[in-house]
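Every read-out reported here was derived from the displayed coordinates using simple, explicitly stated rules and does not represent laboratory data. Since the structure is predicted, the reported quantities are computational estimates derived from the model, not experimental observations. Reconstructed Cβ throughout: ideal geometry from the backbone, glycine too, with neighbour counts over all protein chains shown.
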Amino acid sequence: MHKESHRWYSPNLNQEMPIAVYGHYGAALLLYPTAAADCEEYERFGLIEAIAGHIDSGRVKVFSINSINRESWMNERLAPAERAWRQVCYDRYVAQEVAPFIASHCRTPGIDIAASGASFGAFHAANTLFKHSNRFRTLIAMSGSYDIRPYCDGYYDDNCYFNNPVDYLSRLEDPWILGQLRQCRIHILSGQGAWEAPNRSRELSAILNRKGVPHNLDLWGHDVDHDWPWWRKMLNVYIPRLF
């Protein structure tokens, strides 16, 4: 499999950020790592190998980026306001730096981008599509939680609100944004086994239903745990369905 490693100094994050690219061509798929991991986590845990056939056949071209969760939501030494501000910077990094890089690498200005991730990565993938649905058009969110308030320690400001999908989607009335979202392909997946929280996916689905946003809520069985073997299977099932 063809792999490239790139990095640049991010003006939004004030640090160097790496990105791993897998494949020569195909639909652009951006992967967010789980928890506080890096851009090669999906490779280390066998997910890239699990979807290698789809990469090598040109069905998808995968871009995998670093998390900054250790510098934001998962850093208890930071004040909640600073955690939320770092999330704002990360969102800008993706929209203003990663998305143009993907378009340039694919030699397709304005290319539609799919976003995916597992666990905390599912939150980031969903938040990106919901906020930037003019560029990110497909979502495969696996085993996610879409309410960031448990990481805010009781604090709440606009930066928290506008990065908390269950809140800003619930109050979304803008017809243009809703029209964009209604044209996206949104897939919300969760198991129902150990360490999974399917009600969090049900909650997001209910909000989208109230807003008339078509989507697919796919709850796998009670034997499906919050773990890598199942995320490898989920993505391997959905890539050929969508691309």
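Criterion applied to 121, 144, 191 was being closer than 24 Å to residue 69 by Cα, buried (at least 17 other Cβ atoms within 10 Å of the Cβ) and either touching a His at 6+ places or on another chain (Cβ under 8 Å) or hydroxyl-bearing (Ser, Thr, Tyr) (or both), and the one residue passing it is 191.
Counting only residues that are over 14 Å from residue 177 (Cβ atoms) and touching a Gly at 6+ places or on another chain (Cβ under 8 Å), segment 120-138 holds 7 of them. Here 161, 151 are screened, and the one residue that is under 26 Å from residue 16 (Cβ atoms) and among the hydroxyl-bearing types (Ser, Thr, Tyr) is 151. When we screen 88, 98, 21, 60 for residues that are closer than 19 Å to residue 187 by Cβ and of a type in the set (A, V, I, L, M), the only hit is 60. Can you tell me which residue among 183, 192 is closer than 23 Å to residue 91 by Cβ, touching a residue at least 24 places away in the same chain (Cβ under 8 Å) and touching a strand residue (DSSP E or B) at 6+ places or on another chain (Cβ under 9 Å)? From the options 183, 192, the qualifying one is 183. Can you confirm whether segment 127-135 contains a residue that is within 23 Å of residue 59 (Cα to Cα), assigned to a loop (DSSP other than H, G, I, E, B), out of contact with any strand residue (DSSP E or B) (no Cβ under 6 Å at 6 or more places or on another chain) and free of Cβ contacts under 8 Å to residues at least 12 places away in the same chain? No, there is no match, as no residue in segment 127-135 is within 23 Å of residue 59 (Cα to Cα), assigned to a loop (DSSP other than H, G, I, E, B), out of contact with any strand residue (DSSP E or B) (no Cβ under 6 Å at 6 or more places or on another chain) and free of Cβ contacts under 8 Å to residues at least 12 places away in the same chain.
Residues of segment 85-122 that are touching a residue at least 12 places away in the same chain (Cβ under 8 Å), among the hydroxyl-bearing types (Ser, Thr, Tyr) and over 16 Å from residue 136 (Cβ atoms): 119 alone.
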